[in-house]
Amino acid sequence: CKPFVERHIALVQPKILVLVGGVAMKALWNTNDGIMRLRGTWRSYTSPELKDPIKAIATYHPSFLLRSPGQKAQSWQDLLMIKRALTEI
C-alpha cells in the first residue's frame with residue numbers, strides 16, 4: 001500500500017504527518033529502528049512528488065497503549081509536541 005499512501009500524501013500536501021505505530025513509521029521513514037527509539041522525534045518526510053519536505057512525528061499506536069498503559073505519558077508528550085507544532089503553522 002505504500003505507493004498509494006505516498007500518492008495520497010502528495011495530493012493532500014499536509015503541513016504535518018503523524019505516523020501512528022511502528023509499521024507506519026518504518027514504511028514512511030524507510031528505517032529499521034523501532035518505535036520506542038524514534039517516537040517523539042521530528043523528522044522530514046520527503047517524496048519525489050513533493051515540492052517541500054513535510055514535518056513528521058511518530059507516536060505509539062492506540063492498540064499498543066491499551067496493552068501497555070504505562071506508555072501513555074510518553075504518548076501524551078508526543079501529542080503536546082504536535083499541538084505546539086500546529087499552533088506554529
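The values are calculated or read from the model by the stated rules, or taken from the named source; none is laboratory data. The structure presented is a predicted model; accordingly, all values stated were derived computationally and were not measured. No Cβ is skipped: glycine too gets one built from the backbone with ideal geometry, and neighbour counts run over all protein chains shown. Just so you know, the surface numbers come from the protein's heavy atoms only, side chains and all, with ligands and any DNA or RNA stripped out. Shrake-Rupley method; radii C 1.70, N 1.55, O 1.52, S 1.80 Å.
Here is how the numbers come out for the structure above:
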{"quantity": "Charge tally in the Cβ shell below 14 Å around SER75, where Lys, Arg are +1 and Asp, Glu are -1, SER75 excluded", "calculated": "+3"}
{"quantity": "Square roots of five times the Cα gyration tensor eigenvalues for the chain, Å", "calculated": "23, 16, 10"}
{"quantity": "Carbon and sulfur %, accessible surface of the chain computed with the full protein complex present, 1.4 Å", "calculated": "59 percent"}
{"quantity": "FRET efficiency, ASP33 to GLU88 (Cβ-Cβ, R0 25 Å, nearest 0.05)", "calculated": "0.40"}
{"quantity": "Charge tally in the Cβ shell below 11 Å around MET25, where Lys, Arg are +1 and Asp, Glu are -1, MET25 excluded", "calculated": "+3"}
{"quantity": "q = 0.21, 0.24, 0.29 Å⁻¹, region 43-89: log10 I(q)/I(0) [Debye, one scatterer per Cα]", "calculated": "-0.79, -0.88, -1.01"}
{"quantity": "Cross-link reach list, aspartates and glutamates versus LYS51, counting only Cα pairs under 14 Å and skipping chain neighbours closer than eight places", "calculated": "GLU6"}
{"quantity": "Computed lengthening from ARG67 to VAL12, 0.36 nm per intervening residue step minus Cα-Cα distance", "calculated": "16.5 nm"}
